[in-house]
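To start, the structure itself, in structure tokens.
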Amino acid sequence: MKQPSVCTECHDPRFEHLVLFNAGLELVADGFRWVEGPVWFGDHNCLLFNDIPNNRTLRWSEQHGVTVFRAPSDYGNGQTRDRQGRLICCHHSSRSLTRLEHDGTVTSLVSQARGHRLNAPNDVIVKRDGSIWFSDPLYGLKNDYEGGRQESEQPPALYRLDPDSGAVEAVACDFDGPNGLAFSPDERFLYVAETGAPGAAEPRQWIRRFLVGDDGRSLSGGEMFHRINPGWADGFRVDEEGNLWCSAADGVHCIAPDGTLIGKVLVPMRVSNLCFGDRHHSRLFICASQAIYSLFTNTRGIAAP
Ligand code: MG
């Protein structure tokens, strides 16, 4: 099978047109501890991401390189933008989600659910209707490296937050460790990474696929969609054709909507998360352990956020 470039591995002909023969993996920046939460701000031509153990949010642009966007970040993890373009961030130490307003003030969106404090919100997306969907596993409570040990007050769950009313509802509770999440382009399906119980000998680690109900909020299904190997699925994004570009131990795996691994982007370090960015939304920005890499592709991520 044709290998489109030296940094990619083609497993299925459907992958060939998604990548470019003359685009290479670029080391964008390094020297971090553990990077997460990439989100593209086209209006500022920059990438924001979190260096979780260093408790800071960083900004990278082609013109200015890496600068500090905010510190401390309350151990920020997953990030996205809402329909008004505002930054939504998950925080481990404050066990909350915040929204950065256009005037620079910070609004706490949610820190409790079901009558108890959240655990450590991990990743977040915004649906076209403005609702905010986020995962709340235990990982960020378990060590000092990513926010400080704290006691859990409730089991992990996946939540939907109505930003207008503030109502928060658990939409799926049968998770050991919900993690990254993304909707299909038509928002008919919701994909959620299950990364398993912390410390489990044989953790459940696979991507689940839910069917979104006609009401736009209820979920059914939740069957195993794909199991990443090597490693596991943490954060991922969906392109315009509905392919999942997913973190893995050896790079980024591209999974077709039927659940087949069709290709890989090989990255020298374990990948935690990624996003599409740049002018056409066709450049992958990859959070890989202590570094940020990028690759120009021949597809486009579904419109920001
Ligand atoms: Mg995550």
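Does any residue of the stretch 61-75 turn out to be assigned to a strand (DSSP E or B), of a type in the set (Asp, Glu) and either modelled with pLDDT of 95 or more or under 15 Å from the mean Cα position of the chain (by Cα) (or both)? No, there is no match, as no residue in the stretch 61-75 is assigned to a strand (DSSP E or B), of a type in the set (Asp, Glu) and either modelled with pLDDT of 95 or more or under 15 Å from the mean Cα position of the chain (by Cα) (or both).
Could you check, for the stretch 254-274, whether at least one of its residues is in the same structural domain as ILE302 (by TED's automatic domain parsing) and under 20 Å from ILE132 (Cα atoms)? Yes, that holds for at least one residue. Scanning the stretch 109-151 for residues that are among the basic types (Lys, Arg) and part of a loop (DSSP other than H, G, I, E, B) yields ARG114, LYS127, ARG128, LYS142, ARG149.
In this structure, GLU194 does not qualify as away from the ligand (no atom under 16 Å from the Cβ), modelled with pLDDT of 95 or more and either on the phi < 0 side of the Ramachandran plot or crowded, with 24+ Cβ neighbours inside 10 Å (or both). Within the option set PHE296, PHE285, being modelled with pLDDT of 95 or more, within 16 Å of the ligand (Cβ to nearest atom) and farther than 25 Å from PHE175 by Cα holds for one residue only, PHE285. Taking the listed residues GLY65, GLY85, GLY104, GLY148, the one that is outside the structural domain of PHE210 (by TED's automatic domain parsing), more than 30 Å from SER220 (Cβ to Cβ) and more than 16 Å from the ligand (Cβ to nearest atom) is GLY65, with no other qualifying. Considering THR57, THR80, the condition of being assigned by TED's automatic domain parsing to the domain that holds PHE276, surrounded by 19 or more Cβ atoms within 10 Å (Cβ to Cβ) and not small (Gly, Ala, Ser) is satisfied by THR57 alone. For residues that are surrounded by fewer than 20 Cβ atoms within 10 Å (Cβ to Cβ), of a type outside the set (Asp, Glu) and free of Cβ contacts under 8 Å to residues at least 40 places away in the same chain, tally how many sit in the stretch 147-164. Of the residues in that region, 3 qualify.
Return a yes/no flag: does the stretch 168-181 have any residue that is in contact with a Ser or Thr (Cβ under 7 Å, 6 or more places away or on another chain), modelled with pLDDT under 95 and not basic (Lys, Arg). Within the stretch 168-181, not a single residue is in contact with a Ser or Thr (Cβ under 7 Å, 6 or more places away or on another chain), modelled with pLDDT under 95 and not basic (Lys, Arg).
ARG33 meets the stated requirement of being closer than 19 Å to GLY235 by Cα and assigned to a loop (DSSP other than H, G, I, E, B).
The values are calculated or read from the model by the stated rules, or taken from the named source; none is laboratory data. Source: prediction; values computed, not measured. Cβ: placed from backbone, ideal geometry, glycine included. Neighbour counts: every protein chain shown.
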